[in-house]
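First up is the structure itself, then whatever we jot down about it.
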Amino acid sequence: MSSVPHISNRLSQACMILCLFLVISQSASATDDPSPKDWLERMMRAVQQLNYQGTFVYLHDNQLETMKIAHAVQGDRVRESLMSLNGTPREVIRDEESVTCVLPDSHEVSIDKRTPSTKFLNILPQDLDQLDNHYNFQNVGKSRIANRQAQVVVIVPNDRLRYGYRFALDIESGLPLKSDLLNEHGELVEQTMFTDLQIGVAEISELHNRESLFTYRLKSHPDEINKIPLLNPNKWDFIGLPSGFRLRMQHQLIDPEGSDPVDQYVFSDGLSSLSVFVEPETREEAFSGVSKLGAINAWGGQVEGFQVTAVGEVPAVTILGIVQGMQLKQTHD
């Protein structure tokens, strides 16, 4: 009978070792899970490098649009096609050199030679660490979108001076199956969500191969608005900028049709941004007051004799914080 305690002790030791192994395995597994930034960096690579096509819905300003997208990568060449499936028919094809808009109702093809400033779903900076002082990154569970499994990642602002984001990222590819823009109160103001998605294929036909376009009129708009360096970049001081926001760009916009030039100042915290436009004098039809359209807030009015308009996807308090700190350093030449 003396062997019974011995066997019992051996079993107890084996159970303890097994439990310890399970704890260590679970800890290692948790450590190996991708961080929120890992997921977001994977998303940024996916939207730039993968071929994909599908249908998504875009909710904004209490309107729901259905769009078809195709994103094709061939070597260094990237082309995207966006086609509306409800409302006024239109298709936009864009690459690094131009944006082409096809309007079937008016039988027009419009070509803009200006380089597109952003690509669909490509909204985050390359260096996410620069956002650490003003945003938190969190994994908040799994979801299912377009019949695909997704990891949900949120970017939560530390204050009410900027908006937040919530992404549902395809576990297989990293593509954003769903993207939510959240205002300073955490409320949804814009949403993009795929209803179906194919990865590894992208069908974008060349415009010149479409016989149906032979009867269309061509409207070309090369360099409609020229950007040149400011003649006096030190004209304005921006005092007491909202926390994290810095002046990132400044230039003058020149309209070839002869309108007065407009100075543009772009402020950003690395993710959220807004623009301040300064004109030499007030026009009768100039925008005045405050306005809100979905996620976009705007302010217009007089600052030291100049017409100023500020607009961006940021809370109204951030817009006001910029314009209220504007001071003219020297008289207008």
*Subset of the range 199-226 that is surrounded by 14 or more Cβ atoms within 10 Å (Cβ to Cβ) and modelled with pLDDT of 75 or more - its residue that is nearest to residue 94 (Cα to Cα)*: 204
*So which pairs qualify, if the first residue must be in the range 183-197 and more than 18 Å from residue 271 (Cβ to Cβ), the second must be not in a strand (DSSP E or B), the Cβ gap must be under 6 Å, and the two must be at least 6 apart or on different chains?*
194/146; 195/146; 196/146; 197/146
*Within the group 46, 72, which residue is in a strand (DSSP E or B) and buried (at least 17 other Cβ atoms within 10 Å of the Cβ)?*
72
_I need the full set of residues from the range 276-313 which are in contact (Cβ under 8 Å) with a residue 24 or more places away in the chain, open to solvent by 20 Å² or more (accessible area, probe 1.4 Å) and in a strand (DSSP E or B), in order please._
277, 279, 290, 292, 293, 299, 309, 311
_Residues that are open to solvent by less than 30 Å² (accessible area, probe 1.4 Å) and in contact with a Pro (Cβ under 6 Å, 6 or more places away or on another chain), drawn from the range 131-168_ = 135, 153, 164, 167
*Name the residues in the range 138-194 that are closer than 25 Å to residue 65 by Cβ and in contact with a helix residue (DSSP H, G or I) (Cβ under 7 Å, 6 or more places away or on another chain), would you?*
153, 167, 169, 173, 174, 175, 176
_Breaking point among (1) open to solvent by less than 20 Å² (accessible area, probe 1.4 Å); (2) free of Cβ contacts under 8 Å to residues at least 40 places away in the same chain, for residue 128_ = (2)
*State which residue is surrounded by the most Cβ atoms within 10 Å (Cβ to Cβ) when the search covers only the range 77-101 and only residues that are closer than 19 Å to residue 203 by Cβ and of a type in the set (Ser, Thr, Tyr).*
81
*If you go through the range 257-274 one residue at a time, do you hit one that is exposed (fewer than 13 other Cβ atoms within 10 Å of the Cβ), touching a strand residue (DSSP E or B) at 6+ places or on another chain (Cβ under 7 Å), at pLDDT below 95 and not in a strand (DSSP E or B)?*
yes
*Would you be able to say whether some residue in the range 236-243 is touching a Ser or Thr at 6+ places or on another chain (Cβ under 6 Å), crowded, with 16+ Cβ neighbours inside 10 Å and modelled with pLDDT of 95 or more?*
yes
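The values are calculated or read from the model by the stated rules, or taken from the named source; none is laboratory data. Keep in mind it's a predicted model, so treat the numbers as computed, not measured. Here Cβ is always computed from backbone atoms with ideal geometry, including for glycine, and neighbour counts include all displayed protein chains. Ligands, DNA and RNA are stripped out before the accessible areas are found, and what is left, the full protein with its side chains, is counted by its heavy atoms. Shrake-Rupley method; radii C 1.70, N 1.55, O 1.52, S 1.80 Å.
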